[in-house]
Amino acid sequence: MASPALRAVAMVPKIVVGGLVLLAIGFMLYGVLARYILLPVTDWLDMDAPNFFWVEEAGEAALAWITMVGAAIAVGERSHFALTVMTHRFSPKIQRAIHIFNHALIVGFALLVAWLGWKLMLLNVTLTSPALEFSLAWLYAPATVGGVLMAIYAIRAGAGSADHDITDVKE
């Protein structure tokens, strides 16, 4: 059983992703409201149009973070796809070897994603987005963060028991 402090730290990515989902929904709602309600009203009143061009950039950044950190959470909770058609027929030793190999592949893929994300961050650190003018490295940072988190979670899952089924997945 994990300590309360460890459980609290493990909740941080989930809280971040939950907050980003709410933020992305807010961005999109503002974009729709500004485009289809506020824009016609300000045109009719001959006022300056609301600025909603930043919504797309902010939404893309939020979606990138949601996707990559969410994928890491899915690995950590063992909710990734697993097809166990024949493995239950093998000996426990072979099942354990397959379990470790499966998670080693996940770690390898995750570290590749993190490394490529890092390289893209370095390549784009001087470029800025047109509307918000933030560094485009922030669009590639989620790949690095998510890849590292995926690797950590996959190492932890690989070191654990090979005996798991659909009931192990936390909802």
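Here, each number is a calculation from the coordinates, and none is a lab measurement. Everything numeric here is computed off the predicted structure, so don't read it as measured data. With ideal geometry, Cβ positions are generated from the backbone for all residues, glycine too; neighbour counts draw on all protein chains shown.
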Most packed first (mean Cβ within 10 Å per residue), the peptides 58-64, 105-111, 125-131 order as 58-64, 105-111, 125-131
Contour minus Cα-Cα span, L111 to T126, at 0.36 nm per residue, comes to 3.0 nm
Per the rule of 0.36 nm per residue minus the C-alpha distance, extending F134 to V41 adds in nm 30.5 nm
Under Stokes-Einstein, the chain at 4 °C and 1.567 mPa s, with its Kirkwood radius over C-alpha pairs, diffuses with a coefficient in µm²/s of 69
Ordering 145-157, 41-53 by per-residue average of other C-beta atoms within 10 angstrom, highest first, gives 145-157, 41-53
Expressed as a whole-number percentage, the relative contact order of segment 1-154 with C-alpha contacts under 8 angstrom and at least six residues apart is 27
Between the modelled labels at T84 and R156 (7 Å from Cα along Cα→Cβ) the distance in nm is 2.1
Per the helix-only model, the chain has a calculated mean residue ellipticity at 222 nm (DSSP H runs of ≥4, -39500 (n - 2.57) each, divided over all residues, rounded to the nearest 500) of -23500 deg cm²/dmol
Of the candidates F90, Y36, W115, the farthest towards the positive dipole end of the chain (Lys/Arg Cβ +1, Asp/Glu Cβ -1, centred on the Cα centre) is F90
Measuring from its Cα centre, the chain shows a charge dipole (+1 at each Lys and Arg Cβ, -1 at each Asp and Glu Cβ) which, in debye to the nearest 20, is 1100
With Rh as the Kirkwood radius over Cα pairs, segment 9-55 has Rg/Rh of 1.27
